[in-house]
């Protein structure tokens, strides 16, 4: 079977990341906005983890896709 990958490539992986932050939680249950520890955990992704993942991918020359709700993109530019 031949593919579009260069040379003798034997394995290919696709990486995608969902960075929902607090948007999913608030959408499902608006009362969750009153729970500081819950909100803090949901903030970790857009505030800390995403930049770390981007740095790692960049250092290795790896491309990936990120799926980010508009609310999260607006609050974490």
message: So for each of 5-11, 67-73, 49-55, 27-33 I average, over its residues, the number of other beta carbons within 10 Å; can you give me the resulting order with the highest mean first?
response: 67-73, 49-55, 27-33, 5-11
query: Say we join alpha carbon atoms closer than 10 Å with springs in a Gaussian network model of the chain; which of 45, 24, 61 then has the biggest fluctuation?
result: 61
- request: Output the Kirkwood hydrodynamic radius of region 16-75, Cα pairs only, in Å rounded to one decimal.
  value: 12.4
Helical mean residue ellipticity (222 nm; -39500 (n - 2.57) per DSSP H run of 4+; nearest 500) of the chain: -11000 deg cm²/dmol
- prompt: What spacing in nm lies between the two simple spin-label points modelled at residue 13 and residue 48, each 7 Å away from Cα in the Cβ direction?
  reply: 2.4
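No lab work stands behind these numbers, since they all come straight from the coordinates. Computed from a prediction, not measured in an experiment: that's the story for all the values here. Neighbour counts run over all protein chains shown; Cβ positions are idealised from the backbone, glycine included.
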